[in-house]
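Read the structure below first, then the notes.
The values are calculated or read from the model by the stated rules, or taken from the named source; none is laboratory data. What you see is a predicted model; the values in this text were computed from it and never measured. Positions of Cβ are backbone-derived with ideal geometry, glycine not excepted, and every protein chain shown enters the neighbour counts.
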Amino acid sequence: MKLVVIITQKEDSKKLEEALVENNYQLTKLDSSGGFLKKKNYTFLVGINDEKLDKLLDLVRNICNKRKEIITAPDFSGTLGETLITSGTKVQEGGATIFITEVSKFMKI
Ligand code: 2BA
């Protein structure tokens, strides 16, 4: 069994949630935000049997918008380690960030 953690942009989250439910995936949706851009995003926790993983990844691929380059907002500035990040910094966003972990035990009590 796997626990799949999917971080999506707000714009894609509703569609993804609907598609997961339609395709019989059980999920928990958490409000979250990125540490870097501080923008609201959503994190899905999806527990699945291994054979459902490929279909899940296909759904995410089809729904979550492709990664694109954006320029940080004019009022954005801060440090990241020793790097100063200022307005006008280019970063990639969109798509989804996915962690796939092995579940050693699963139970409902
Ligand atoms: P944020 O942390 O707000 O990051 C937004 C985008 O800014 C990232 O997009 C990436 O392109 C850029 N970025 C983030 N940290 C950076 C850094 N240290 N140096 C340069 N650029 C940086 P994505 O990679 O698509 O990430 C989207 C969101 O997914 C992130 O929002 C965060 O909420 C989550 N995420 C991504 N990687 C993660 C990780 N390794 N662990 C936990 N959460 C992660």
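Checking ASN65 against (1) away from the ligand (no atom under 13 Å from the Cβ); (2) surrounded by 12 or more Cβ atoms within 10 Å (Cβ to Cβ); (3) assigned to a loop (DSSP other than H, G, I, E, B); (4) not aromatic (Phe, Trp, Tyr), only one condition comes out false. Which one? (1) is the only condition that ASN65 fails.
If you go through the range 2-26 and keep only what is of a type in the set (A, V, I, L, M) and either touching an Asp or Glu at 6+ places or on another chain (Cβ under 7 Å) or assigned to a helix (DSSP H, G or I) (or both), you end up with LEU16, ALA19, LEU20, VAL21.
Considering each of LYS55, LYS2 in turn, give the residue that is under 30 Å from LYS105 (Cα atoms), touching a strand residue (DSSP E or B) at 6+ places or on another chain (Cβ under 8 Å) and modelled with pLDDT of 95 or more.
LYS2
Taken over the range 1-52, residues that are closer than 14 Å to CYS64 by Cβ, surrounded by fewer than 14 Cβ atoms within 10 Å (Cβ to Cβ) and within 14 Å of the chain's Cα centre (by Cα) amount to 3.
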